[in-house]
Amino acid sequence: MTNYTVNLRNVKTLYSLYQELKDGLRFPEYCGRNMDAIWDCITWDIEIPATIYIEGINCLPKDLKKQKDILIELLTDAVEWYKKIGMELNVIYDD
């Protein structure tokens, strides 16, 4: 199983949020900085089975609350998507 760690503790901007996701999940350079691109890469460019550790989700600034909520929903949907096709993805949140 492959482990990925995304550290959000020092994220202050939307740009840095996407950069941390891209770096922590080892996405290719062509991955865009939007949630649609994150979804595309999570469903095509990570090695499965996998566990994604999200560190500091509650450290995100208040002005990124909408993106935080979308990210949590996206990751939950990705877990379910992989489950439906018989593959395993786990997401663990650590404040």
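Key figures for this structure:
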item	result
Sites matching chymotrypsin sites (Phe, Trp or Tyr not before Pro) across segment 8-94 that sit in DSSP coil, with at most 11 neighbouring C-beta atoms within 10 Å	Tyr30
Potential lengthening between Asp94 and Thr76 on full extension [0.36 nm per residue; Cα-Cα distance subtracted]	5.0 nm
Length-normalised contact order of the chain in % [C-alpha pairs under 8 Å, at least 6 apart]	35 percent
3J(HN,Hα) from dihedral phi, segment 8-17, Karplus parametrisation 6.51/-1.76/1.60, rounded to Hz, x for glycine, proline	9, 4, 9, 6, 10, 10, 4, 4, 5, 4
Computed label-point distance, nm, for sites Lys65 and Ile85 using a 7 Å Cα→Cβ extension	3.5 nm
Shape call, the chain: gyration tensor on alpha carbons, a/c limit 1.5	prolate
Alpha-carbon centroid distance for the pair segment 1-41 / segment 42-95, whole angstrom	10 Å
Pairwise label distance in nanometres, Arg9 with Thr51, each label 7 Å out on the Cα-Cβ vector	1.9 nm
Net length gained if the chain between Asp23 and Asp36 were fully extended (0.36 nm per residue, minus Cα distance)	3.0 nm
GluC sites (Glu not before Pro) lying in DSSP loop within segment 14-54, provided at most 13 other Cβ fall within 10 Å	Glu29, Glu47
Computed [θ] at 222 nm, helices only, for the chain once each DSSP H run of length n ≥ 4 contributes -39500 (n - 2.57)	-14000 deg cm²/dmol
Most fluctuating residue given options Leu17, Leu75, Leu64, as computed from a GNM of the chain linking Cα atoms under 10 Å	Leu64
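Every number here is computed from the coordinates shown, using simple stated rules; none is lab data. Since we're looking at a predicted model, the values are computed, not measured. Backbone-built Cβ (ideal geometry, glycine too); neighbour counts: all protein chains shown.
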